[in-house]
Amino acid sequence: MHPDLKAQLQALLGERVQFEIHLKPFTSLRIGGPADAITYPNSAVEVTKVVQLCNQHETAWRLLGGGTNLLVADTGYAGVLLCTTRHMNRFHLEREEEQTALLFAECGVRMSRLLSFCSSQGLAGMEFAAGIPGTFGGVLWMNGGTRAGSVDEILHSMQIIGADGQLRELQAAEVPFRYRSCGLPRNVAILSGRVELKRGEPRQINAKVAKIKSFRENQPLEMANAGSVFKNPKGDFAGRLIEMSGLKGKCVGGAMISDRHANFIINRGDASAEDVLRLIQLAKERVYQEHGIELETELEVLA
Ligand code: EPU
């Protein structure tokens, strides 16, 4: 990393920047080499300052949320990460009407926190996200959801930072959402969003949350994992196809295709990113050979 960039980041952020930081603890898979720098911005404006400094030095940057859908390369990340969970985790009700409410949240807030806030306030609409371990920003980025729905169904608007380091507001209709993707290019990042909620009965909301959480009973959540590895192909399920290909329980190094849910890869303790990538490749090849279906990864790779 250029020494001038290092000095400028330190001048801007003080103790909220660290260098050569191992990323394992920042990911639910507990895998990954070091990042050149990790920063902890506390506002959208501060994000723009970090991004503009990176751009001036032609240095890569990327936002890091909960790290729950992320595979970090063994070689780590040659660039500056902007970690959102520490400080960019505020939320509030922006507008409350008799039957509806508009909730504003920054990207780094955990979905579980938003969900319990909504339940306690008797606000319905967010239940689809029950059990999703990541952040609001991560869910917006990948149009996260469960079989009960996805975030595009309740989005009102979002704030993004473009490749040029400028902030922009997008209305929901301007976001090219697809299944498990917001459709925005990799060189932009989402900083916050607003969702539309409806008044509901806390008891009913809690019951729905419990039901949706129970969909996860077949998932190996007690082991280090990153959720579904592949998107479900149209009309089928990646887990079913991988199981039919005989790969449940298949190990490469310290990584294993879960013997409980075949669309999960777990880290048995000392897996490398390379081990996980080899299992991904194997699952793709086998499913293609045996079923003629090309699986597409849902997992994001940071390299
Ligand atoms: N199946 C198998 N073998 C397996 C796993 C699944 O045959 O090893 C079959 C199941 O029997 C079922 C079908 O595949 O008929 C679907 O499985 P499941 O109900 O477990 O749901 P999923 O499609 O694998 C989706 C989401 C999960 C979410 C669950 C529950 C995707 C890619 N995944 O999984 O989301 O938790 O529904 O709502 O849409 C994530 O996105 O990271 C994630 C964990």
- Which stretch or stretches of the range 66-97 have amide N atoms under 19 Å from the point lying 7 Å from Asn187's Cα along the Cα→Cβ direction? 78-82
- For Leu191, enumerate residues with amide H under 5 Å from its amide H, sequence gap 5+ or separate chain, H modeled in the peptide plane. Gln159, Ile160, Ile161
- So what does Ile190 come to for accessible area, using a 1.4 Å probe and Å² rounded to 10? 10 Å²
- Fluctuation leader among Ala101, Ala173, Ala78 - the chain, Gaussian network, Cα springs under 10 angstrom: Ala173
- Message: Going Cα to Cα from Lys208, which lysines come in below 21 Å? Please leave out same-chain ones fewer than 8 positions away.
- Response: Lys198
- Message: I'd like the accessible area for Tyr288: 1.4 Å probe, protein heavy atoms, all chains in place, Å² to the nearest 10.
- Response: 120 Å²
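Per 0.36 nm of contour for each residue apart, how much would the distance between Glu153 and Arg199 grow if the chain were fully extended, relative to their Cα-Cα spacing? Intermediate values should be presented prior to the final figure.
Values: separation 46, 0.36 × 46 = 16.56 nm, distance 1.61 nm.
Result: 14.9 nm gained on full extension.
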- Computed over the chain, protein heavy atoms only, probe 1.4 angstrom, the accessible area per residue in square angstrom equals 46 Å²
- Note on the structure: Label model pair Thr297, Gln18: point-to-point distance (7 angstrom along the Cα→beta-carbon line) in nm is 2.5 nm
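Summarise the accessible area of the chain (1.4 Å probe, protein heavy atoms) by the percent that is carbon and sulfur.
Working: 6660 of 13940 Å².
Roughly 48 percent of what the probe reaches on the chain is carbon or sulfur.
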- Message: If you take every residue apart from His2 with its C-beta less than 13 Å away from the C-beta of His2, what net charge results, scoring Lys and Arg +1 and Asp and Glu -1?
- Response: -2
- Message: How much of the DSSP bridge set in the range 11-120 is antiparallel, in percent, rounded to the nearest 5?
- Response: 55 percent
- Message: Show me, for the range 53-58, the HN-Hα J-couplings you get by feeding each phi into the Karplus relation (A = 6.51, B = -1.76, C = 1.60, θ = phi - 60°), rounded to Hz, glycine and proline as x.
- Response: 4, 4, 4, 4, 9, 6
- Note on the structure: Between Leu64 and residues 5 or more places away or on another chain, the pairs with built amide H atoms under 5 Å apart involve Leu82, Cys83, Thr84
- Note on the structure: Measure of exposure for Asp259: accessible area at 1.4 Å probe, Å² rounded to 10, is 100 Å²
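Counting DSSP beta bridges with both partners in the chain, what percentage is antiparallel, nearest 5?
Around 80 percent antiparallel, to the nearest 5.
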- Output ³J(HN,Hα) for the range 244-259: one whole-Hz value per residue in order, computed from phi by the Karplus curve 6.51 cos²θ - 1.76 cosθ + 1.60 with θ = phi - 60°, and x for Gly and Pro. 4, 7, x, 9, 4, x, 5, 10, 10, x, x, 9, 9, 6, 3, 7
- Message: Show me the trypsin sites (Lys or Arg not before Pro) within the range 57-125 that DSSP assigns to loop and that have at most 13 other Cβ atoms within 10 Å of their Cβ.
- Response: Arg86, Arg90
- Task: Might you report the magnitude of the Cβ-based charge dipole of the chain about its Cα centre, with Lys and Arg at +1 and Asp and Glu at -1, to the nearest 20 debye?
- Result: 680 debye
- Task: For the range 84-93, just list the computed ³J(HN,Hα) in residue order, Karplus coefficients 6.51, -1.76 and 1.60, θ = phi - 60°, integers in Hz, with x standing in for Gly and Pro.
- Result: 9, 6, 6, 10, 8, 9, 8, 8, 7, 7
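The values are calculated or read from the model by the stated rules, or taken from the named source; none is laboratory data. Computed from a predicted structure; not experimentally measured. Counting neighbours? That spans all protein chains shown, and the Cβs are built from the backbone with ideal geometry, glycine included. Just the protein is used for accessible areas: all its heavy atoms, side chains included, with ligands, DNA and RNA removed. Shrake-Rupley method; radii C 1.70, N 1.55, O 1.52, S 1.80 Å.
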